[in-house]
Amino acid sequence: MIVQLIKKQLLLLLRNRIQLLMLLVLPIILIVILSTALSGFMQGDNPQLTIKIAWLEQQDETSQVDTFLENMNELGVSSDVFPDKDALHMTTILREDVFLSEELSSMIELHQIDESEKEKIIEDANYAAVIEVPEDFTLDLLQAMALEDNSVPKLELYLNQEQQIGTEVVESIIHNFNEMIVMNQFMEESDLPITVEELNNHDVPGELKHMEQRIPISSQAYYTIGMAVMNALYVASTLGFFAYREKEIHVFDRLIVADMSRWKFFLSVLISGAIVSFVQLLFIFGFSWLVFKIAWPSMMVFLTITLSLALAVGGTTVLLTAISYRINTEEIIGFFSGIIVSIFAFLGGSFFPIGELSPLIQQIGNLTPNGASLSAYIQLLQGAPFKEIASYIVVLLCFTVVSILLAVISYPKRGSKI
């Protein structure tokens, strides 16, 4: 008898093509729209940034380095103390190894200018900054470092305040370069057996361990999961409406008169909700596999999560049906589909990963069926072991049990007016 009731519920849905399309096609449309429109937000894409910088050097640096070495010889410091003469060319290192480095070449355009172009470039809004290296800058800097003099020379920096991002980048680069010089000097004075270059390249004795990092997921994968778990909840309201319609047209009364247990009817609603939700989820994820090439690392774990969510939807279906029968109105079902589902979707992260903004919201969201299943699916895609996913499955099963218990309490008792 239960099988016949389940068959009847499924046939009602198949004959209602509008509801069927809403459950199957609408999620796919939302997935395509959201994954395309918000792909940059999900993947952390940044707009291409081009920073134009003018470099003005008032004096040749090589002559300054030669002068410094001559001064050191006069003080009795042999040139052998400075075996790497190129390392003394401070402004050349800043220009060639920093601003024109491979890492920054796609973002920074550095143009060397002379004094006659200075005023024109400063007034040019296309330039974010003009860096002027004053006369004897390198000589003064090397002598300050060698003689431990606090009178350190400074670069002249002209910033275009209309290009705030570009100016902040330039200031940050120069600040970091200054820190590197200070750190290098400190290491030499402290006689540490390591240089800044070795520190940056991690060429230090010891063992380097990397923390476990999860595989990032694409916007298509995220919104496939987000829309799938959200729209699964609409199965509960759809079948709940069908069940209440059967009460209005006295189908339920005829079943009771035929001496069929009302518990069999509600059990059929529970199973029907689980079946429809399970098929809906497989349809959506099948589409994502064909179109977006989203494959699951473990099909067994994937089916376990899907079945657990389907059971939670079935429990929600029977709970909505029981309450609507008890209060003799379908308004509770409309309230669920219009308000509760939206709240669950927001807390569960179906629209965007709101849990990253607040750990409390993430914990609350993971207690909802869509939030728990979304977290489980994402962790599965990121390669998490089953023991980390199991807690979300437990939440789904507990939600199912609680829903069924509440439904049992809400069912009208035999002889009561429904």
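A few points about this structure:
- Long-range neighbours under 8 Å by Cβ, at least six apart or interchain, first residue part of a helix (DSSP H, G or I) within the stretch 1-29, second among the basic types (Lys, Arg): Ile2/Lys264; Leu5/Lys264
- Single residue of the stretch 274-304 satisfying the filter (among the β-branched types (Val, Ile, Thr) and closer than 19 Å to Pro27 by Cα) that is surrounded by the fewest Cβ atoms within 10 Å (Cβ to Cβ): Val291
- Comparison of Gln64, Gln58 shows that the only residue that is in contact with a Pro (Cβ under 9 Å, 6 or more places away or on another chain), surrounded by 11 or more Cβ atoms within 10 Å (Cβ to Cβ) and at pLDDT 75 or above is Gln58.
- Scanning the stretch 342-357 for residues that are assigned to a loop (DSSP other than H, G, I, E, B), open to solvent by 20 Å² or more (accessible area, probe 1.4 Å) and closer than 20 Å to Ile29 by Cβ, we see that the one that is modelled with the highest pLDDT is Phe351.
- Residues that are part of a helix (DSSP H, G or I), of a type outside the set (S, T, N, Q) and open to solvent by 60 Å² or more (accessible area, probe 1.4 Å), drawn from the stretch 108-139: Glu115, Glu117, Glu119, Lys120, Ile122
- Neighbours by Cβ (under 9 Å, 6+ apart or cross-chain): first from the stretch 55-70, within 19 Å of Val130 (Cβ to Cβ); second assigned to a helix (DSSP H, G or I) and open to solvent by 50 Å² or more (accessible area, probe 1.4 Å): Leu56/Glu115; Leu56/Glu117; Gln58/Glu115
- Within the stretch 306-326, the residues that satisfy the criterion of being touching a Ser or Thr at 6+ places or on another chain (Cβ under 9 Å) and open to solvent by 40 Å² or more (accessible area, probe 1.4 Å) are Leu311, Ile323, Arg326.
The values are calculated or read from the model by the stated rules, or taken from the named source; none is laboratory data. Quantities reported herein were computed from a predicted structural model and do not represent experimental measurements. Methodologically, a virtual Cβ is constructed for each residue, glycine included, from the backbone with ideal geometry; neighbour enumeration extends over all protein chains shown. Just the protein is used for accessible areas: all its heavy atoms, side chains included, with ligands, DNA and RNA removed. Shrake-Rupley method; radii C 1.70, N 1.55, O 1.52, S 1.80 Å.
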